[in-house]
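As structure tokens, the structure follows; a few thoughts come after it.
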Amino acid sequence: MTASELIARARTGDGEAFRQLTEPHRRELHMHCYRLLGSFQDAEDALQDTLLAAWRALDRFDGRASIRTWLYRIATNQCLNAIRSASRRPAKEWDVPKIEPPEPSRLGEVVWLEPYPDALLDGAIAAPLGPEARYEQKESISLAFVTALQILPARQRAVLILREVLGYPATEVADMLDSSVDSVHSALKRARATLHRRIPPSGMDDSPPAPASPAEEALVAKFARAYESGDVDALVGLLTDDARVSMPPMPLEYLGRDAVAGFYAALMSANRKYHLVPTRANGQPAFGTYLRSGSDGIRRGTGLVVLTLAGGRISAVTRFDNSVLPWFGLPRSLPCN
């Protein structure tokens, strides 16, 4: 059935026709909302609001743009509305019992950030891109990129994603945002400058190993062994000199090997024994972390750590709390072994 036939049926109230019309774009729209909002959960809500708004507005779809572009327009504006109306989420207090963290190097600017499961990327980053896209799809889902986006004002964020991640022409972006082409160009220029300061261009020496390559697997395995054995020296030896540890929604950040060593020395004190379960998030290697506690031998999930690789080392470790584990198909606890 053609798109025109599906639209005609959907306009009569045929829900299945509407599902067939929108389902091919569902995952890429979810990723789009995630990039704008930095939150997996908020992206879910924005996607549902987008589909509901599209269902209600289908009679007004005039066919000048494709269904895909029309849905992106609705999704972008739903996210901008969500950003405008959302109250600022408070930072979370340190919540690891019996552990006192060292003084942080700084407090992070982006407190609210969530990881994105690689299992959901199929269909989300394989979508067709316009000729003006500048970012590789795997780069545009990295934690560093999504974090940097959250620093931008909302409209600059939307313009940069639509223009340089998805490759829409300036005229179409202006139409999506009910703006002018000059305004789009101006917003893009400012967004580029901010992003360039946040994410300097990488050279050949600090490009990460290819996903699932022997080099990536070897580095990640070394990290897991050091973490599980509580070997802080071995763990820190895998880091770049300017490595960073962050833990949203807790704002604490530790910068540089010495600061990171102090943090992990505190975290792994008192013979705390962790077990790591591999997964992937934002196109990067990750682990669910489990801590053996109590006399029952059960290992309880403490969170998710995502590794950012640079060359043959680890340049960042981002820790998320255990509420994200179910998104990755990971249990809240593991039986004793």
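The values are calculated or read from the model by the stated rules, or taken from the named source; none is laboratory data. Just so it is clear, the model here is predicted, and its values are computed rather than measured. Don't worry about glycine lacking a Cβ; one is built from the backbone with ideal geometry, like all the others, and counts go over all protein chains shown.
Just wondering, is there one or more residues in segment 2-12 that are in contact with a Phe, Trp or Tyr (Cβ under 6 Å, 6 or more places away or on another chain) and either at pLDDT 95 or above or outside any loop (DSSP other than H, G, I, E, B) (or both)?
Filtering segment 2-12 down to residues in contact with a Phe, Trp or Tyr (Cβ under 6 Å, 6 or more places away or on another chain) leaves 10.
With either at pLDDT 95 or above or outside any loop (DSSP other than H, G, I, E, B) (or both) added as a condition, the list becomes 10.
Yes, there is a match, as at least one residue in segment 2-12 is in contact with a Phe, Trp or Tyr (Cβ under 6 Å, 6 or more places away or on another chain) and either at pLDDT 95 or above or outside any loop (DSSP other than H, G, I, E, B) (or both).
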I need a count of the residues in segment 276-288 that are assigned to a strand (DSSP E or B) and touching a residue at least 60 places away in the same chain (Cβ under 8 Å). 7
Six or more apart or on different chains, Cβ under 9 Å: which pairs go from a residue in segment 172-198 that's at positive phi to one that's surrounded by 14 or more Cβ atoms within 10 Å (Cβ to Cβ)? Could you list them? Asp178/Asn77
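Would you confirm whether or not segment 142-153 contains a residue that is aliphatic (A, V, I, L, M), assigned by TED's automatic domain parsing to the domain that holds Ala53, outside any helix (DSSP H, G or I) and surrounded by fewer than 15 Cβ atoms within 10 Å (Cβ to Cβ)?
At the first step, the residues of segment 142-153 found to be aliphatic (A, V, I, L, M) are 143-144, 146, 148-149, 151-152.
Adding the requirement that they be assigned by TED's automatic domain parsing to the domain that holds Ala53 leaves 143-144, 146, 148-149, 151-152.
Cutting the leftovers down to outside any helix (DSSP H, G or I) gives us 152.
Okay, now just the ones that are also surrounded by fewer than 15 Cβ atoms within 10 Å (Cβ to Cβ), so none.
No, the conditions are met nowhere in segment 142-153.
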Asp321 - would you say it is at negative phi, of a type outside the set (A, V, I, L, M), out of contact with any strand residue (DSSP E or B) (no Cβ under 7 Å at 6 or more places or on another chain) and touching a residue at least 40 places away in the same chain (Cβ under 8 Å)? no
Would you check which residues across segment 265-289 are at pLDDT below 95 and of a type in the set (Phe, Trp, Tyr) and list them? Tyr274
